[in-house]
Amino acid sequence: MTAAHSSSRTGSAPSYIDTTKASIARVYDTALGGKDNYPADREVVDELRQVAPEIEQFTVDHRAFLVRAVRFLAGHAGIDQFLDLGSGLPTAENTHQAAQRLRPEARVVYVDNDPTVVAHGRALLEENDRTVFSPGDLTVPREVLEDPVVTRHLDFDHPIALLQLGTLHHYDESALTCAEIMQQYIDALPSGSYVALSHFFDPQDEDSVVARRMEDVFLHSPLGTGRFRTRDEILAMLPGLELVEPGLARCVEWWPDGPQLRPLVPAQRCIVGAVGRKP
């Protein structure tokens with residue numbers, strides 16, 4: 001997925017994008033060193049940097065987890081259908097690139113309702129005939145699962161990998177709980193499917209101080225969302241799944257590409273991920 005356009009100047013933003021409010025996708029883009037962001041987005045990252053100077057590494061670790069999880073799913077697990085919820089803005093390595101490098105026939109459906117992401121998603125349609133985009137709301141599972149874009153490109157009679165990465169910690173559980181949302185998605189998946197999930201983490205130890213400081217910044221910033229949940233709360237979002245080893249783990253420690261040469265900094269211990277198989 002390559003960027004259709006990039007801009008960090010408020011005056012050059014399309015009229016349908018409100019640059020006065022931070023966007024989840026653009027805040028991540030900022031932390032990853034991207035250019036599709038505006039002052040409100042950079043303000044959030046600047047504030048996070050005050051309580052967690054390693055916020056960029058925190059974000060890079062999370063993106064690297066996505067790539068490793070997709071490589072596992074396309075390679076070892078043999079999955080050739082991917083439903084990526086809350087896909088965000090393009091980066092150097094995206095779901096369809098990681099999957100199709102190992103399995104060229106893999107089909108990928110991206111779902112996101114952020115206006116900036118929607119603009120990139122439309123450009124994506126022209127690039128890859130096995131990769132499509134749906135401007136849906138991932139917190140309304142039934143709407144996503146019944147979307148013609150999804151049903152036309154994914155075969156729910158065969159295993160699917162559902163990616164819920166870096167998303168539900170930005171959901172306030174005002175309607176359904178995160179566990180209820182995930183239950184609906186998992187119920188719709190055929191046997192042999194996989195779910196990859198990542199989430200901000202409160203380890204309930206000495207690193208909880210950093211987790212709660214980061215949460216406070218997220219909640220009181222222009223973004224207004226970002227919950228750090230406990231292990232039990234996150235595991236409740238993976239009902240009935242058989243977790244792939246090492247289970248729910250720090251993102252940087254899930255199938256690492258090599259030995260950890262430096263001690264983890266606190267923020268790296270405050271984001272976790274898991275991959276589970278539906279029996």
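List of remarks:
- Glu146 meets all of the listed conditions (1) buried (at least 16 other Cβ atoms within 10 Å of the Cβ); (2) at pLDDT 95 or above but one, namely (1).
- The set of residues from the stretch 154-178 being among the aliphatic types (A, V, I, L, M), buried (at least 17 other Cβ atoms within 10 Å of the Cβ) and either under 15 Å from the mean Cα position of the chain (by Cα) or closer than 17 Å to Glu143 by Cα (or both) comprises Leu154, Ala161, Leu162, Leu163, Leu165, Leu168.
- The residues listed here are Val117, Val111; of these, the one that is over 27 Å from Glu245 (Cβ atoms) and in contact (Cβ under 8 Å) with a residue 40 or more places away in the chain is Val117.
- Output for the stretch 243-258, where each listed residue is part of a loop (DSSP other than H, G, I, E, B) and under 17 Å from Val60 (Cα atoms): Trp254, Trp255, Pro256, Asp257, Gly258
- Any chance Phe200 is buried (at least 17 other Cβ atoms within 10 Å of the Cβ) and either within 21 Å of Arg277 (Cα to Cα) or touching a strand residue (DSSP E or B) at 6+ places or on another chain (Cβ under 9 Å) (or both): yes
- The residue list Thr95, Thr59 contains one member that is of a type in the set (S, T, N, Q), touching a Leu at 6+ places or on another chain (Cβ under 6 Å) and surrounded by 21 or more Cβ atoms within 10 Å (Cβ to Cβ), which is Thr59.
- Positions within the stretch 39-51 being under 24 Å from Glu93 (Cβ atoms) and of a type outside the set (Lys, Arg), in sequence order: Asp41, Val44, Val45, Leu48
- Screening the stretch 46-165 for helices (runs of 4 or more DSSP H) wholly inside it with 1 or more residues that are of a type in the set (S, T, N, Q) returns the ranges 55-74, 95-102, 115-124, 148-153.
- Residue in the stretch 223-234 that is modelled with pLDDT under 95 and either within 28 Å of Pro190 (Cβ to Cβ) or surrounded by fewer than 19 Cβ atoms within 10 Å (Cβ to Cβ) (or both) present: yes
- Count of residues meeting criterion [part of a loop (DSSP other than H, G, I, E, B) and among the polar types (S, T, N, Q)] in the stretch 170-214: 5
- Scanning the stretch 14-45 for residues that are assigned to a helix (DSSP H, G or I), small (Gly, Ala, Ser) and within 24 Å of Leu197 (Cα to Cα) yields a count of 2.
The values are calculated or read from the model by the stated rules, or taken from the named source; none is laboratory data. As the structure is a prediction and not an experimental result, all values here were calculated from the model. Glycine also receives a Cβ, built like all others from the backbone with ideal geometry; neighbour counts cover every protein chain displayed.
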